[in-house]
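Right, one structure below, let's go through it.
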Amino acid sequence: MFAEDAAKEVVADLGGAKIKPTYTDPEIGWPPAQITPILSPPLPNEGVWLGTDDDPFVGKNPGVPTPFVQTFVRTDPQRSYARVYVTLWDPRQVALHMVAGTVEPVSATGEVGTGQIPRTPEVLNKLVAGFNGGFQAVHFEGGMQSNGTLYLPPKPYSGTIAELRDGTTVVGTWPDGQPEVPDDILSFRQNLVPIVKDGVINPYKQTKWGGTPPGSADSIHTTRSGVCITRDGFVGYFFGNDMTPESLGKGMVAAGCAQAVHLDMNAGHTGFEFYRVAPTGELPDLMRPLQNDWEAESSVPLLAGWSFRARRMIKGMPHMLFPRYIGRDGRDFMYLTLRAVLPGEPLIARVSPAEPNEGVWRTKGLPQHGFPYAIATTTIRPDA
């Protein structure tokens, strides 16, 4: 009975037939190998990466595979209905950034952040997602820096997510004897000790992983979230209801995580949102009514002339204030933008009818030496 109900909930959470299985492109190594299910028998599509190419709420670069895939895995034999959901992205196409909230965290000088994603076309045109940060500063000892402004100093041994000045995403453990923030770190956020380090769950034997609200069934099983970097260099956001730290960590290790950080917890405080943003009137027609229980479309707050479309990562993600991270928030959070990669949109043919593949960029058969592609070529007749 539990398996049948869970299978139906998975279909609803992931949008039914909207996303389909996708398999590794050997040329670019994306997405990675499927996750091997832990519980037997597995549910349909358990551990199978589901693509988002045709999802109208998920942005992508033209001419290359979608940078986002999703799946789920069950890790707790005593709660076979509990699922760890993961959204994995390719950091060669997606950059991670951080925003300090208008209330949290407060620096030693009383300074707080803007609480919003920069309101510039260069950022908003590339915005694809936003998600929660870690615990409130009063509930943990750790550091945060956003865009070069230090709010709280780093703490050794803390699980750390960082954005380097060259755009690299880093997940790891802050070293002892390093009280200063290196110059190559633009932003970082810490939260407890790492939940996974070198593929080992809870290496420092942490016993307290946050508290649950009054009236909870117990003090351990709750909604939890986290971020990891895999052995292949991909980055993922993990989310699950009725999770212990260990069951969340097992999902991370099953997905190939090498280093991982436990983020915020409890229903309402954890959430991941996909975005498409464009000047008003330029978003493609959705061709159907919005599903208001997990989708939204409106004007970008505090910026005239721009509109957004958003959806929750999964339908059963009950976080507060949806759509949250497109607005101004009192808590710190993270957001994702697409990097500019080749080949880009096809050129518009000037002569009609167009020749086969006229203006369509070609990347195959060229000296690429890896991904993202270094060269793209096409032909076009410019003079009608």
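The values are calculated or read from the model by the stated rules, or taken from the named source; none is laboratory data. As the structure is a computational prediction, the values presented were derived from the model and not from experiment. Cβ coordinates were reconstructed from backbone atoms using ideal geometry, including for glycine residues, and neighbour counts include every protein chain displayed. The accessibility values were calculated without ligands, DNA or RNA, using every heavy atom of the protein model including side chains. Shrake-Rupley method; radii C 1.70, N 1.55, O 1.52, S 1.80 Å.
If I ask for residues that are hydroxyl-bearing (Ser, Thr, Tyr), surrounded by 17 or more Cβ atoms within 10 Å (Cβ to Cβ) and within 30 Å of Glu111 (Cβ to Cβ), which ones from the stretch 280-332 would you list?
The answer is Tyr325, and nothing else.
Would you mention how many residues in the stretch 163-189 are open to solvent by less than 50 Å² (accessible area, probe 1.4 Å), over 17 Å from Phe238 (Cα atoms) and not aromatic (Phe, Trp, Tyr)?
9
So, in the stretch 309-359, of the ones that are among the basic types (Lys, Arg) and assigned to a strand (DSSP E or B), which residue ends up nearest to Val86 (Cα to Cα)?
In this case the residue turns out to be Arg312.
From (1) assigned to a loop (DSSP other than H, G, I, E, B); (2) surrounded by 21 or more Cβ atoms within 10 Å (Cβ to Cβ); (3) in contact with a Phe, Trp or Tyr (Cβ under 6 Å, 6 or more places away or on another chain), pick out the condition that doesn't hold for Tyr81.
Only one criterion in (1) assigned to a loop (DSSP other than H, G, I, E, B); (2) surrounded by 21 or more Cβ atoms within 10 Å (Cβ to Cβ); (3) in contact with a Phe, Trp or Tyr (Cβ under 6 Å, 6 or more places away or on another chain) is unmet by Tyr81, namely (2).
Quick check on the stretch 1-30: of everything there that is modelled with pLDDT of 80 or more and acidic (Asp, Glu), which residue is farthest from Gly240 (Cα to Cα)?
Once the filter is applied, the top-ranked residue is Glu27.
Given the condition under 24 Å from Ala162 (Cα atoms) and touching an Asp or Glu at 6+ places or on another chain (Cβ under 7 Å), answer yes or no: does some residue in the stretch 63-74 qualify?
yes
Results for (1) buried (at least 20 other Cβ atoms within 10 Å of the Cβ); (2) free of Cβ contacts under 8 Å to residues at least 12 places away in the same chain; (3) more than 16 Å from Thr87 (Cα to Cα); (4) touching a strand residue (DSSP E or B) at 6+ places or on another chain (Cβ under 6 Å), shown as yes or no for each residue.
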residue	(1), (2), (3), (4)
Pro213	no, no, yes, no
Ile220	no, no, yes, no
Val235	yes, no, no, yes
Phe238	yes, no, no, yes
Pro245	yes, no, yes, no
Leu248	yes, no, no, yes
Glu273	yes, no, no, yes
